[in-house]
Amino acid sequence: MLPLLTTIVFLPLVGAAVTAFLPKTRPDLPKKVALGFALADLAAAAVMLARFTPGTVGFQFTERANWVPEAGIQYFMAVDGISVVLVALSALLTVLAIVASWNIEEKPAFYFSMILLLAVGMNGVFCALDFVLFYVFWELVLVPMYFLIAMWGGPRREYAAIKFFLYTLFGSVFMLVGILALYLHPEAGGTFDMIALAKAGASGVIAPGFQWWVFAAFFLGFAVKVPVWPLHTWLPDAHVEAPTAGSVLLAGILLKMGTYGFLRVSLPMLPDAAETWAWFLALLAAISIIYGAAVAFAQTDLKKLVAYSSVSHMGFVMLGLASLTPEGVNGAVVVMIAHGLITGMMFLMVGMVYERTHTRMIADVSGVSKAMPVAGGLLAFASFASLGLPGLAGFPGEFLSLLGAWKSDAFSSYYVIASAVGVLLAAAYMLWMVQRVVLGEPSSAVSGHPDLNTRELSTLVPLVALIVVVGVYWSSLLQYVDPAVTAILAGMGV
């Protein structure tokens, strides 16, 4: 029997290979095969979550073997309370992305194999604890996402795909420099073991000056993926041009890879530099929050509005991480999960409206609640969750991030006050959108279309349930996350 994490990471790879070589005479087969493999992977992730012991410090389900012993490279995977919930989210959104793509007709075998290949990279990043293995999975996600945008995207898909690829590859080069710098360091080097390097960082053997430059390299690698202002410009283009499934996985998981990198690498391995850089991260976070919200307000394209809202929401993750407080870092992780659920649902809803109306212009799709009551109600629900309504998943993470940032000694409280303005702006642009799209009389583009069908509802109901559970019962998530956050901050000595 294969080890659990290996199964979760590489089962989609088997599915991708099988799906890619299915006969072209059966165009209906690839989606069914891909869904079967994705459901099996989700079942394995559910087993992992059920067998994981929450409330304990340390990594579980450890799998380790020599890979390239001459260079000290290992096949080393394990999960803690942070990565276990991210793997589960990745497996869930992969299933929903496949179901949302049920009507894909152009090259379905290649399309669904790319989604499964993307799942391999996403799952692998959150499980890998050897830097080389981590980097391989990190780079792997670029290929399928590039093809998903370039082949099944909108009118400017080639431009958006190349921009996405070049921006993220640019960041990856600097990340590779940081990895090699740590490996070659005379005191801490000689290993790609991420746990060993975190212990070296905590022990103080890495000089603060050296840490500063390595932190800068990793910052460029991770900040592009988040994305942090001003490295965000690839994101709106990629979201707008990507197919619905691509937008769901891009917003739901790929952006979290950047903030996960800060949590797994920058903070524990470079603690002195993290404290030095904290004020700068908080400044960029505050700018991202306000800028993303303000630009979202100006959008006329529904999908672009949701894309810019992601820039704003991910700013709260960076603010929480920069605080270096238990409340702030816990809040950052909760925002990561909540954003994956809520924005994933928002992009699914936008895709469903577009399939019927063939337009994403806010001015053209008014009165959805009268023409399609279920769709209008669920779009309003996702909007309220996105603006941080108490009782839904968007609230606890932002609350904890702001609380932790206010308690932090790493930067000025003015950054927190500015970030709180972003909360007000989020409420404003989301309510503005609800008023124009959900309410009012149905426009000609909206009238006469059927409401959501059973397949579409099957992608939304799990997200609705989880958004409510996380929003009401915070401990359902924090029981996994808090021990891992406590261990990271204890290792940093803050």
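Using only the alpha-carbon atoms, how far is helix 302-323 inclined from the longest principal axis of the chain? Give it as 0 to 90 degrees, nearest 10.
Approximately 20 degrees, to the nearest ten.
Please determine, in degrees from 0 to 90 and to the nearest 10, the orientation of helix 208-225 with respect to the longest principal axis defined by the Cα atoms of the chain, where the helix direction is its Cα long axis.
Approximately 20 degrees, to the nearest ten.
Of the heavy-atom accessible surface of the chain (probe 1.4 angstrom), what whole percent is carbon and sulfur? Present the calculation step by step, with values, prior to reporting the outcome.
On the way: 11760 of 17140 Å².
Looking at the chain in its full context, I get 69 percent from C and S.
Which one, ASN123, ALA363, THR259, is farthest towards the positive end of the dipole of the chain when Lys and Arg carry +1 and Asp and Glu -1 on their Cβ?
Farthest towards the positive end: ALA363.
Could you run the Karplus curve 6.51 cos²θ - 1.76 cosθ + 1.60 with θ = phi - 60° over the stretch 5-14 and give me ³J(HN,Hα) per residue in whole Hz, x for Gly and Pro?
These are the phi-based 3J(HN,Hα) values: 5, 4, 4, 5, 6, 9, 4, x, 5, 4 Hz.
Using Cα pairs under 8 angstrom and six or more residues apart, how large is the relative contact order of the stretch 280-372, in percent?
Details: 98 pairs, mean separation 24.9, N = 93.
Normalised by residue count, the contact order of the stretch 280-372 is 27 percent.
Between (i) 34, 31, 21; (ii) 34, 27, 20; (iii) 45, 24, 20, which entry matches semi-axes √(5λ) of the Cα gyration tensor in Å as derived from the coordinates of this structure?
Here semi-axes √(5λ) of the Cα gyration tensor in Å agrees with entry (ii).
Using the charge dipole of the chain (Lys, Arg: +1 at Cβ; Asp, Glu: -1 at Cβ; taken about the Cα centre), state which of PHE174, PHE52, GLY15 has its Cα farthest towards the positive end.
Farthest towards the positive end: GLY15.
Can you show me the helix-derived [θ] at 222 nm for the chain, built from DSSP H runs with n ≥ 4 at -39,500 (n - 2.57) apiece and divided by the number of residues, rounded to the nearest 500.
Values: 21 runs with 349 residues, N = 494.
Counting only the DSSP helices, I get -23500 deg cm²/dmol.
About its Cα centre, what dipole magnitude does the stretch 145-247 give when the only charges are +1 on Lys and Arg Cβ and -1 on Asp and Glu Cβ, stated in debye to the nearest 20?
120 debye
Quick one: putting +1 on the C-beta of Lys and Arg, -1 on the C-beta of Asp and Glu, what dipole do you get for the chain around its Cα centre, in Debye to the nearest 20?
Working: 22 positive and 26 negative charges, 162 e Å.
Its charge dipole is roughly 780 debye.
Place a +1 charge on the Cβ of each Lys and Arg in the stretch 192-282 and a -1 charge on the Cβ of each Asp and Glu, then give the dipole magnitude about the Cα centre in debye, rounded to the nearest 20.
Numbers: 4 positive and 5 negative charges, 32 e Å.
Using Cβ point charges on Lys, Arg, Asp and Glu, the stretch 192-282 gives about 160 debye.
Relative contact order, percent, of the chain when contacts are C-alpha pairs under 8 Å separated by at least 6 residues? Provide the component values of the computation, followed by the final result.
Working: 911 pairs, mean separation 75.5, N = 494.
After rounding, I find 15 percent.
Run the reach check for LYS107 against aspartates and glutamates, Cα to Cα strictly under 14 Å, same-chain hits fewer than 8 apart removed. What comes back?
ASP28
Which links in LYS256/LYS303; LYS32/LYS370; LYS199/LYS407 stretch past 22 Å when you go from one Cα to the other? Intermediate values should be presented prior to the final figure.
On the way: LYS256/LYS303 19 Å; LYS32/LYS370 34 Å; LYS199/LYS407 27 Å.
Too far apart for the 22 Å limit: LYS32/LYS370; LYS199/LYS407.
Which whole-percent values make up P(r) of the stretch 315-425 when all C-alpha to C-alpha distances are grouped in 10 Å steps starting at zero?
15, 37, 25, 16, 6, 0
By per-residue mean of other Cβ atoms within 10 Å, what is the highest-first order of 295-303, 307-315, 472-480?
Numbers: 295-303: 18.2, 307-315: 27.4, 472-480: 16.7.
Ranked by mean Cβ neighbours within 10 Å, highest first: 307-315, 295-303, 472-480.
So for the chain, taking the charge dipole from beta-carbon charges (+1 Lys/Arg, -1 Asp/Glu), which of LEU281, GLY377, GLN74 sits furthest toward the positive end?
Farthest towards the positive pole: GLY377.
Run the numbers on the stretch 338-413 and let me know its relative contact order in percent, using alpha-carbon pairs under 8 Å that are six or more apart. Don't jump to the answer; show the numbers that get you there.
On the way: 45 pairs, mean separation 22.4, N = 76.
In percent, rounded to a whole number, it is 29.
What order, most packed first, do the peptides 183-191, 343-351 have when packing is the mean number of other Cβ atoms within 10 Å of each residue? Could the numbers behind the result be given before it?
Numbers: 183-191: 15.0, 343-351: 26.3.
In decreasing order of mean packing, 183-191, 343-351 become 343-351, 183-191.
Against the longest principal axis of the chain, how steep is helix 108-127, in degrees 0 to 90 to the nearest 10, with axes from Cα atoms?
Taking the Cα atoms of the chain, the angle to 108-127 is about 30 degrees.
So for each of 451-464, 111-124, 8-21, 216-229 I average, over its residues, the number of other beta carbons within 10 Å; can you give me the resulting order with the highest mean first?
Values: 451-464: 16.6, 111-124: 27.1, 8-21: 20.6, 216-229: 23.9.
Ranked from most to least packed, the peptides come out as 111-124, 216-229, 8-21, 451-464.
The values are calculated or read from the model by the stated rules, or taken from the named source; none is laboratory data. Keep in mind the model is a prediction, meaning the values are calculated, not measured. We place every Cβ from the backbone using ideal geometry, glycine too, and count neighbours over all the protein chains shown. Each accessible area value is taken on the protein alone, full model and side chains, heavy atoms only, with ligands, DNA and RNA left out. Shrake-Rupley method; radii C 1.70, N 1.55, O 1.52, S 1.80 Å.
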